[in-house]
Amino acid sequence: MAKLRGRGYASVNYPTGMNLGGDPSQALIHATTTGTFVVSLSSVDLGQGLKTVVAQCAAETLGLPVENILVDTADTDTGPHCMGTFASRGTHRVGNAVIMAAAEAREVMLAVAAEELEVDAGDLETDGTGFVQVTGAREKRIHITDLALAAHFTHGRTISGRGIFLKEKNDPVPETGEMDPDSCQAHACTVAVVEVDDETGVVEVLRMHNAYEIGRALNPAMVAQQVEGGAWMGMSHALFEATEPYYPARDHGPTDFNEYLMPGAADIPEYHNAILERPAGNGPFGAKGIGEMTANAPIPAIANAIFDACGVRLDTMPFTPERVLRGLDELRADRSPTKE
Amino acid sequence: MSYKTNPIDRTYFPDEPAQDFTVIGSVVRRSDALGHVTGRTAFFEDISPPDLLHLKTHRSARHHARILDVDLTAALAVPGVVRVLTHADIPNNVFTPLKLIGVEPDDEPVLAEGKVRYLGEPICAVVAETEAAAREAAARVRVEYEDLPAVFDVEEALAEGAPIVNEYHGNNYFTYEGHHCRRIRFGDVEAAFAAADHVFQWRYQSAPIEHAPTETTGCIVVPQPDGRLRIHSDTQACFFTLDNTALILGTPFNKLRIVGGTVGGGFGGKVDIAVEPVACVAATLTGQPVKYVYSRYEEMQVSSPRAAERIYIKDAVMADGRVTGRRVTLYVDAGAYSRHSPYGTTKAAAHLPGPYSIPNVWADCHCVFTNRTPSSAMRGFGVTIADFALESQMDRIARALGMDPLRLRLLNAYRDGDLKAHRKVAEGTALVEVIQKAARMVGHELPEEYLRMSSMDRRER
């Protein structure tokens, strides 16, 4: 009886967006007289941080602190159309729409500032702290709050903008499967280190090393959270989860979290993450989607690590203790562990 | 722990122009973090309009059966029951998720009509003054069935003489523009097998998986004084829900308003339209607010899971490790109705043969109907299980050849300018670099020529 250690690898790519019928999202932005910009959307934040990321996109484009951005979503009476949050499309589609809207608003903001400061709009820059100033001349500047008030009460201008991103409809060619369904591809390589208990069949994941290339990390901490949350979900898919554990039999379906098991805090491995950036030309500041893909590479990495540890090739998910033990029994029965 | 907030390694793509950002690339705290961790974030269930009614569903106890009779007498006798809805109450009793993107047929009733095709299919909806009364009455609905033969395995469902699951299709598969599956045809795999040093074929299988969101699927519909319906929902796609619900209700789109945007976990499980149409019908018929929220049992056994998939991969491999041909037969178990599975199957086809440049690829990706809970969107569907199969396959090939599994992958990795099997030219690739980085992270040594490889440098094959 022993705990057998093994290492497994998997490398994957993943599409940003998946289009069949045309994939648009819109954003509207306007400044209130407080100098706060409201981004109006109908997009959904599932907990992954979409509201935060699009606020960053708006702030960067406007040249204002992120505290000056409010995101108002999701109400179909007040927010413009969004296809929804799926297919790793949110950051890419909505981010692009927000950048377009914010760029239009920035132009108005600078035009009003130019009138206020009696200079050419082309000579103006934002300083990132809330001021519009003459390039290189900090003494000649105006704060966004004063600017927004002046736009409304003096110049009769709305500081606002409209944005849309559309991935156009593309029908697959039925004969060959030729198609253009996505906008870009992100990449990952995961190395899993596991320990297999050959008495109980329990697989423990000790470490996961995750190298990702995601275009641009708009918020590196949230990227790390996605990588680790997704790695947990992948590990859970690999080792724990099934609503029909003996597919295709319909029996033994779990009905609650007492029967449907997932890794607990003590099961979480050490994570080591690295992010590479190769910005995508069509992404918001080069970002690709990292939403879904983080659950994918861990599954085969764990399968391959189990083989490395104990010689059992598991071709059926999930890799339950029962399947590991049955695999070990088969190996013992025919004593040819390298048979593939 | 600095990698938690600063995990970026810029050494692999040093030629990317430096960007002078102030907000992008910095660690801005997630705007809803404080609310989430202190329990103060408001979700759709946090509203409690006066006179709220509760809706619970009576569901099929059979996998596949004709409905001979539905007896509501005992259900209606439960104190507090206001109304019991059947298919006759739903103006357009068919879900239309793919119609909106130009794909037909619509194949799923909102409430069962004449037949049930999976265990747990909704038959009628009880509306009551309390949740307990709704649950009690739903349990008292009596349905008389005549059992029909059922099929649960994708390959059995496609075999001659299998019981037909879904008459809207006439076959147990979704038809892609005249084809029985979504095809990829690229090069000549048979010639590749004939010329190969090795041919490897293995089979992979997954089981359905639950999204397991903290917050189950649900909505609260509140009739407005102007005759509109305000729908508080945890949908992942507000307008998609609005459009589909309006089509089922047969009302103008602007009679509906969706309020959402804060969701306790989706993972794809809240893309389908599940609860809003029935709740809207109930609110319209009663003139009162109606709440319809899945129980954990419904979330796990009735709402769409990730599809079970079966995948056969046959590879032509040369002695030096080059994969020269890949033939994939993939089955997605859609369950009894399409939902988004035909789309996920196409996504699987576009993903093949994985992130490798393989000159000859043949794939048949089948979207198959069986008498089980309909599967649908889930995080990475079409790709997640394919990756399990593809990357297990690569590991097995490496071991069969006695090769380093990372070198095998680097040798076959796709690069900028390569034509993928779905005839899209690859750009912005970085598979080579993430493998090199992962190798370095774990001290896996690679020879110099593998360290020199670059996604931007397309070599001869």
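Bear in mind these aren't lab numbers, they're just calculated from the coordinates by the rules spelled out. Every value quoted in this text rests on a predicted model; they were computed, and no experiment measured them. Positions of Cβ are backbone-derived with ideal geometry, glycine not excepted, and every protein chain shown enters the neighbour counts.
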Exercise. How far apart, in nm, are the 7 Å Cα→Cβ label points at B:ARG228 and A:ALA265?
Worked result: 4.5
Exercise. Does anyone have the angle between helix B:238-249 and the longest principal axis of chain B? Alpha-carbon axes, 0 to 90°, nearest 10?
Worked result: 40
For this session: Provide a whole-number value for the mean count of partner chain Cβ atoms within 10 Å of the Cβ atoms in peptide B:390-401.
Result: 5
Exercise. Where does helix B:131-140 land angle-wise versus the long Cα axis of chain B, in degrees 0 to 90, nearest 10?
Worked result: 90
Exercise. Along segment A:277-290, what does the Karplus equation 6.51 cos²θ - 1.76 cosθ + 1.60 (θ = phi - 60°) give for ³J(HN,Hα), rounded to whole Hz, x for Gly and Pro?
Worked result: 10, 10, x, 8, x, 9, x, x, 6, x, 6, 9, x, 10
For this session: For chain B, would you read off the P(r) tail past 43 Å as a percentage of all alpha carbon pairs?
Result: 28
Exercise. How long are the three semi-axes of the equivalent ellipsoid for chain A, computed from the Cα gyration tensor as the root of 5 times each eigenvalue, in whole Å, largest first?
Worked result: 51, 20, 17
Exercise. With Rg and the Kirkwood Rh both taken from Cα atoms, where does Rg over Rh land for the protein assembly as shown?
Worked result: 0.98
Seminar exercise, completed: Across B:306-319, the residue-averaged tally of Cβ atoms belonging to other chains within 10 Å stands at 1
Exercise. Under a GNM of chain A (C-alpha, springs under 10 Å), which listed residue has the highest mean-square fluctuation: A:GLU67, A:GLU139, A:GLU107?
Worked result: A:GLU139
For this session: Taking only the C-alpha atoms, wrap a convex hull around segment B:89-188 and report its volume per residue in Å³ as a whole number.
Result: 174
For this session: Please work out how much length the chain gains when fully extended from B:GLN201 to B:MET403, using 0.36 nm per residue of separation minus the C-alpha to C-alpha distance, in nm with one decimal.
Result: 70.9 nm
For this session: Grab the alpha carbons of segment B:30-137, take their convex hull, and tell me the volume per residue in Å³.
Result: 183
Exercise. What length, rounded to one decimal in nm, is gained on full extension from A:GLU115 through to A:HIS152, with 0.36 nm per residue of separation minus their alpha-carbon distance?
Worked result: 12.0 nm
Exercise. Anyone know which of A:GLY63, A:GLY283, A:GLY21 comes out most mobile in the 10 Å Cα GNM of chain A?
Worked result: A:GLY21
Exercise. If amide H atoms are built 1.01 Å from N in the plane of the peptide, which residues on other chains or at least 5 residues away come under 5 Å of the amide H of B:GLY187?
Worked result: B:VAL361
For this session: Would you grab the residues whose amide H sits under 5 Å from the one on A:ILE275? Only those 5+ places off in sequence or on another chain, please, with H modelled 1.01 Å from N.
Result: A:TYR212, B:ILE8, B:ASP9
Problem set entry | Per-pair calculated FRET efficiency, R0 = 30 Å: A:LYS3 and B:MET318 via Cβ, rounded to 0.05 | 0.20
Problem set entry | Per-residue ³J(HN,Hα) for segment B:289-306, Karplus 6.51 cos²θ - 1.76 cosθ + 1.60, θ = phi - 60°, Hz, x for Gly and Pro | x, 10, 10, 9, 10, 5, 6, 4, 4, 5, 4, 7, 10, 10, 6, 4, x, 5
Exercise. When A:PHE37, B:PHE240, B:PHE43 are ordered from fewest to most other Cβ atoms inside 10 Å of their Cβ, what list results?
Worked result: B:PHE43, B:PHE240, A:PHE37
Seminar exercise, completed: Per the Kirkwood formula over distinct C-alpha pairs, the hydrodynamic radius of segment A:178-317 in angstrom is 16.6
Seminar exercise, completed: PRE zone check, label point 7 Å out along Cα-to-Cβ of A:THR176, amide N under 13 Å, scope segment B:169-193, hits B:184-188
Seminar exercise, completed: The size of the Cβ-based charge dipole (Lys, Arg +1; Asp, Glu -1) of segment A:18-167 about the Cα centre, to the nearest 20 debye, is 480
Problem set entry | Descending semi-axes in Å of segment A:18-167, equivalent ellipsoid built from Cα gyration tensor | 30, 14, 13
Exercise. Could you give the radius of gyration (one decimal) and Dmax (whole number) of the Cα atoms in segment A:106-232, in Å?
Worked result: 26.2, 81
Exercise. What percent antiparallel are the DSSP beta bridges of the protein assembly as shown, to the nearest 5?
Worked result: 75
Exercise. Can you list the residues, at least 5 places off or on another chain, whose amide H is less than 5 Å from the amide H of A:ASP127, using H built in the peptide plane?
Worked result: A:GLN133
For this session: Kindly write out, for segment B:370-379 in residue order, the coupling ³J(HN,Hα) from the Karplus curve 6.51 cos²θ - 1.76 cosθ + 1.60 (θ = phi - 60°), rounded to whole Hz, with x marking Gly and Pro.
Result: 9, 8, 10, 3, x, 8, 6, 4, 7, 2
Exercise. Tell me, what is the Rg over Rh of segment B:228-271, with Rh the Kirkwood radius over Cα pairs?
Worked result: 0.99
Exercise. Size of the dipole of chain B about the Cα centre, Lys and Arg at +1 and Asp and Glu at -1 on the beta carbon, nothing else charged, in debye to 20?
Worked result: 580
Exercise. If you stretched the chain out fully between B:THR38 and B:LEU285, how much longer would it get, using 0.36 nm times the residue separation minus the C-alpha to C-alpha distance?
Worked result: 85.1 nm
For this session: Take A:LEU325, A:LEU276 and order them by how many other Cβ atoms sit within 10 Å, fewest up front.
Result: A:LEU325, A:LEU276
Problem set entry | Estimated [θ] at 222 nm from DSSP helical runs (n ≥ 4, -39500 (n - 2.57)) normalised by residues in chain B, nearest 500 | -7000 deg cm²/dmol
